[in-house]
Amino acid sequence: MRRSNYFLPTLKENPSEAQIVSHRLMLRAGMIRQAAAGIYSWLPLGCRVLKKIEDIVRHEMDATGAQEILMPTIQPAELWQESGRYDDYGKEMLRINDRHERQLLYGPTHEEVVTDIFRTCVKSYRDLPCNLYQIHWKFRDEVRPRFGVMRGREFFMKDNYSFDLDKVSAVHSYNKMFVAYLRCFARMGLKPIPMRAEAGAIGGDLSHEFIILADTGESEVFCDKKWLDNDPLNIDVNYRSDLQSIVNKWTQFYAATDDKHDPDSCALPDSEIFEGRGIEVGHIFYFGKKYSRAMNATITNADGKEIELEMGSYGIGVSRLVGAIIEANHDSNGIIWPESVAPFRVGIINLRSGDNQCDSACDKLYEELKTVGIEVLYDDRDERAGVKFSDMDLIGVPWQISVGPRNLKNGVVELQRRGQKEIKEEIPVGSILSRFL
RNA sequence: CGGGGUGUAGCGCAGCCUGGUAGCGCAUCUGCUUUGGGAGCAGAGGGUCGGCAGUUCGAAUCUGUCCACCCCGACCA
């Protein structure tokens, strides 16, 4: 992408409405625009990152055997009246009447809709287990939206729903999601910590929330230092085999948020405790028959008996992750994207646009990188070098290639890793491409 | 939903107390000079001062009311 035709409205100054760093940087980097409190438009740069995260999540979900669907954002009130949640959910649910005065709502979650789909379409135990997911918009009318996309009212979320015949199978479905979640967050360059959680409004008796560590996180976290050395990507996963040992391994160490942490009763010595801050980015629930019973979602088992389905639901805040990743990866100059979610992998800075040598060297490099499929942003604007450096740092492109007349005389360009200012490499123009293959 | 705060050009702000018809910086446009970490000079454009209703000869400024947004708390992916 050539910067001169890329819609990227960066800001030099901090918008006054934004307080926390990820919100400020997302506005300054031209990723989002606020339309109303807690409601945002996603501009090209933000959209790219959102889709990168979405793709990682989709890939990991597909690997577990889950199948993607899309359910409506607008739902009929009847389903919620049937489950009993229409009254329970309260003012957080945005309620709408259509022209016929039918009661509708903008979905805050989709247990009711998916249960309705399942009960009418699936009648035999042979079709189980089944896990359906979507990556879609939801709306919760928060009393007080804040922190930009981290706590908006409209948000982009991945939500799965598992259906099983019995509890053993349902727990396996739960464990699959548990492991897949660890992998998702790790692939985004984050340190996930699963914590035993209250099931809250969703209901049920088995639940974990996934917290990622970030210095500027919303809640305080206390955990065993052994967490910091665990890497989920080292797990050799076969989703068909029993996963309980992996889940056990990942829940054996101490971890608690500040409201649950009691220094007096904690068995760990202080020297073993890591004290940090975190952001919740995922939550999984096993809730058994709560909805299948209320909504009469039954199935005939092998013995010809009609039984209620065992269910679970599993959420990842995809749009929240954009903010969370920035909270975990930034410096005073801007965002530092992990490569897996970066909007562009490489940025080319033409230090002297208009200079024939610089222009042609940049053009050539740009075309070469594009040809081999590397996402590259080429700043070809007629701006001063400082403006381009600052902008490229702000939007956090992982690799910066600076092309200027001084170095070009010696046939080299400069390669720099975002976030490691001290390391600058001078590389012959001809061999830069091979660095990215 | 309780408490606090702010609405003036695309962004950041001053002016309001003490009424006299709007200003600064950045950004934008034009020209010249510059060019390796947010350039300099000269010129230009851009505002129903959040909305409505009052007070007044006259309101960004005073009064009332509504709205929007932000912060702290309670609540949450």
Residue check, A:G386 against (1) loosely packed, with under 15 Cβ neighbours inside 10 Å; (2) more than 7 Å from RNA strand B (Cβ to nearest atom); (3) small (G, A, S), all met but one. Which one? (2)
Checking A:G46 against (1) free of Cβ contacts under 8 Å to residues at least 60 places away in the same chain; (2) open to solvent by less than 10 Å² (accessible area, probe 1.4 Å), only one condition comes out false. Which one? (1)
Cβ-Cβ below 8 Å, separation at least six or inter-chain, first residue in the range A:9-34 and within 19 Å of A:T216 (Cα to Cα) and of a type in the set (S, T, Y), second near RNA strand B (Cβ under 7 Å from one of its atoms) and open to solvent by 20 Å² or more (accessible area, probe 1.4 Å): which pairs? A:S22/A:F147
Over the range A:322-331, the set of residues in a helix (DSSP H, G or I) and more than 9 Å from RNA strand B (Cβ to nearest atom) is A:V322, A:A324, A:I325, A:I326, A:E327, A:A328
Residues of the range A:1-39 being in contact with a helix residue (DSSP H, G or I) (Cβ under 7 Å, 6 or more places away or on another chain) and small (G, A, S), which ones? A:A18, A:S22, A:A29, A:G30
Whether any residue in the range A:423-436 is near RNA strand B (Cβ under 10 Å from one of its atoms) and basic (K, R) is what I want to check. yes
When you look at A:G84, is it buried (at least 18 other Cβ atoms within 10 Å of the Cβ), at positive phi and small (G, A, S), yes or no? no
Among the residues of the range A:175-195, which ones are touching a His at 6+ places or on another chain (Cβ under 9 Å) and at pLDDT below 95? A:P194, A:M195
Note on the range A:37-66: residues of a type outside the set (K, R) and in contact with a Pro (Cβ under 9 Å, 6 or more places away or on another chain) are A:A37, A:G38, A:I39, A:L43, A:P44, A:L45, A:G46, A:C47, A:V49, A:G65
Take the conditions surrounded by 20 or more Cβ atoms within 10 Å (Cβ to Cβ), touching a residue at least 60 places away in the same chain (Cβ under 8 Å), within 8 Å of RNA strand B (Cβ to nearest atom) and outside the structural domain of A:L190 (by TED's automatic domain parsing) and apply them to A:D391. Does it pass? yes
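The values are calculated or read from the model by the stated rules, or taken from the named source; none is laboratory data. Values in this document were obtained by computation on a predicted structure and should not be read as measured data. Every residue, glycine among them, receives a Cβ derived from its backbone with ideal geometry; neighbour counts consider all protein chains shown. Heads up: the accessible areas ignore ligands, DNA and RNA and are worked out on the full protein's heavy atoms, side chains in. Shrake-Rupley method; radii C 1.70, N 1.55, O 1.52, S 1.80 Å.
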